[in-house]
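Here's the structure we're looking at; comments come further down.
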Amino acid sequence: MKLETKVFGLEDVFCYSFINEKGEVFSATNLGARIVSWKVLDKNQRLIETVLGMDSATEYLEKDPYIGATIGRVAGRIANGHYTYDNQTVQLTQNEQGNTLHGGPHSFEEAVWEAEATVENGMGKIVFHLFSPAGENGFPGDLNVKVTYTISEDMTWQIDYEAKTNETTLFNPTNHVYFNLNGHYEQTIDNHLLYVNADRYVPLLANNLPIGKKQSVVGTAFDVRDEAGTRLEDVFSLTDEQVLAVGGYDHPFVLNQPSLKIPQASIKSLETGLTLSVYTDAASIVIFTLNLGDKTIMMREQEVKHHSGITFETQALPDAINQEDFGNIVLKPNDVFRSTTIYRWHEKNPH
Ligand code: GAL
C-alpha cells in the first residue's frame, strides 16, 4: 500500500490516495472528511470508479457539498430545527423548509478538517479532526470530533467515529457516499441488486420528515430482504406511494441486528458484477437514491442524473430527538461517542 498526497484546489485542502499492490485506489480529502474516489478491479480486470465524486474542492462547494462527506452534527432532518431536552429548549439554524438538515448550513461537509494520513503495516489510515464550537448552528457544547478512515490491502474501508463534548448536546454523524458500481454515472443504479437486513422502515411525510413510526416492509417497495438481491428497477416500478412521493428511496431502514460481523446491506451491479456490503453498529441506514428528477450535475465529464447513485447513510434514526422510540442521540460530558461502519468488496454474494 502506498500513499500519494496532492493539493486539491483550496488552501490547506489535500487529496490523499491509497494505492494497493493491484493498483486499486481509495482517495479522500480533508474538505468535509470526504471520500473522493474508490477504484477497484472488476472480474475482467478493469479499474472501475465506484463512487460519485469530483476533481477539486471548489467543485464540491459549487455543485453539491454533501457528496461523499462526513455529515454532522446530526444527520437527516430535525423538525423545525427545534428540540427540548432536560427542560432546555434549543433552536437550531434552519436550512431546509424550516427544518435543520444535516447539521444546518455550512456544517461538517464544508469544514476543512485537520488530517493525518499514514501507511502502517500495509494499512492506509487517515485521522480527521474537527473542533465544532458551542453555538455552531445553535448546537450547545464544544464538540471534538475524530473520524478515522482505515483502508486495508483488499480495499475494505472502515470508518470509526468518536466525539466528546463539554455540555449536553446531540450527535448523530454519517457519511454521504454515493455508490454507482457500473463504472459510469450515466448508467443508473436501477440495474443494481439491493439487499437490506431490515424488517421495518420509516415512511416519510410530504416534507421528508419521518412520520415517527417504524412500519413493516411486508407488501411494500421496502421489502428488500431477499439475500439474492432485488433489482432496483423492479422496486421503482411498483406503485408504492412512498416511492412515488420522492421518486425513489429517501428512507430510513431499521436494521434487525446491527453488527460489524454480518452484512446489513449489499448491492451488486449487473453490469460489472461488483458487489459491496455494508456492516455497521448503527441502528439504521438511510438509503437515498439521488432522486434528482430532471436536474443533472456534471461530474468527471459525465452527466449525473436521477438515480445515478445510492447512499447507505448509517446512523441513528432521523429526528430521533423529537420522536418516541427512535433511539438516543444525546451526548453528555464524560461520555465518548463511538460508532463504526465498514464497506467491503466481495467476489460473490456475501450471504
Ligand atoms: C439525504 C436526504 C435527501 C437529500 C440529500 C442531500 O440524506 O435524505 O433528502 O437532502 O441528503 O442531497
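The values are calculated or read from the model by the stated rules, or taken from the named source; none is laboratory data. Quantities reported herein were computed from a predicted structural model and do not represent experimental measurements. No Cβ is skipped: glycine too gets one built from the backbone with ideal geometry, and neighbour counts run over all protein chains shown. Only protein heavy atoms, including side chains, enter the accessible area calculation; ligands, DNA and RNA are left aside. Shrake-Rupley method; radii C 1.70, N 1.55, O 1.52, S 1.80 Å.
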### Hey, Val145 buried (at least 24 other Cβ atoms within 10 Å of the Cβ), of a type in the set (A, V, I, L, M, F, W, C) and within 16 Å of the chain's Cα centre (by Cα) or not
no
### Query
Are there any pairs, at least 6 apart or on different chains, whose C-beta atoms fall under 6 Å, with the first in the range 279-302 and over 12 Å from Thr174 (Cβ atoms) and without any contact (Cβ under 8 Å) to a residue 60 or more places away in the chain and the second open to solvent by less than 10 Å² (accessible area, probe 1.4 Å) and within 14 Å of the ligand (Cβ to nearest atom), and if so, which?
Asn291/Gly248
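Residue-wise test of (1) within 15 Å of the ligand (Cβ to nearest atom); (2) under 28 Å from Ala33 (Cα atoms).
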{"residue": "Asn182", "(1), (2)": "no, yes"}
{"residue": "Thr188", "(1), (2)": "no, yes"}
{"residue": "Gly229", "(1), (2)": "no, no"}
{"residue": "Gln242", "(1), (2)": "yes, no"}
#### Entry: Of the criteria (1) part of a loop (DSSP other than H, G, I, E, B); (2) within 17 Å of Pro318 (Cα to Cα); (3) within 14 Å of the ligand (Cβ to nearest atom); (4) of a type outside the set (A, V, I, L, M, F, W, C), which one Pro65 fails
(2)
### Message
Return the pair list, or none, for Cβ contacts closer than 6 Å from residues in the range 166-193 that are crowded, with 20+ Cβ neighbours inside 10 Å to residues that are of a type in the set (Asp, Glu) and assigned to a loop (DSSP other than H, G, I, E, B), at least 6 apart or on different chains.
### Response
Asn182/Glu271
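Each row is one residue, and each column tells you yes or no for (1) out of contact with any strand residue (DSSP E or B) (no Cβ under 9 Å at 6 or more places or on another chain); (2) open to solvent by less than 10 Å² (accessible area, probe 1.4 Å).
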residue	(1), (2)
Tyr16	no, no
Arg34	no, yes
Lys39	no, no
Asp42	no, yes
Gln45	yes, no
Gly68	no, yes
Gly72	no, yes
### Task
Six or more apart or on different chains, Cβ under 6 Å: which pairs go from a residue in the range 87-100 that's of a type in the set (Val, Ile, Thr) to one that's open to solvent by 60 Å² or more (accessible area, probe 1.4 Å) and modelled with pLDDT of 95 or more? Could you list them?
Thr100/Gln94
### Message
What's the total number of residues in the range 107-124 that are among the polar types (S, T, N, Q) and surrounded by fewer than 19 Cβ atoms within 10 Å (Cβ to Cβ)?
### Response
2
### Query
What is the one condition in (1) surrounded by 18 or more Cβ atoms within 10 Å (Cβ to Cβ); (2) assigned to a loop (DSSP other than H, G, I, E, B) that Ser27 does not satisfy?
(2)
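Yes or no: Gly219 within 16 Å of the ligand (Cβ to nearest atom) and of a type in the set (Gly, Ala, Ser)?
no
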### Summary
Conditions (1) out of contact with any Ser or Thr (no Cβ under 8 Å at 6 or more places or on another chain); (2) part of a loop (DSSP other than H, G, I, E, B); (3) more than 16 Å from the ligand (Cβ to nearest atom) -> Val235 fails only (2)
### Message
Take Asn207 and tell me if it is at pLDDT below 95, out of contact with any Phe, Trp or Tyr (no Cβ under 6 Å at 6 or more places or on another chain), within 15 Å of the ligand (Cβ to nearest atom) and open to solvent by 10 Å² or more (accessible area, probe 1.4 Å).
### Response
yes
### Query
Based on what the data block shows, is Glu324 open to solvent by less than 40 Å² (accessible area, probe 1.4 Å) and acidic (Asp, Glu)?
no
#### Entry: Residue match in the range 247-260 (condition: outside any loop (DSSP other than H, G, I, E, B), in contact (Cβ under 8 Å) with a residue 12 or more places away in the chain and open to solvent by 50 Å² or more (accessible area, probe 1.4 Å))
no
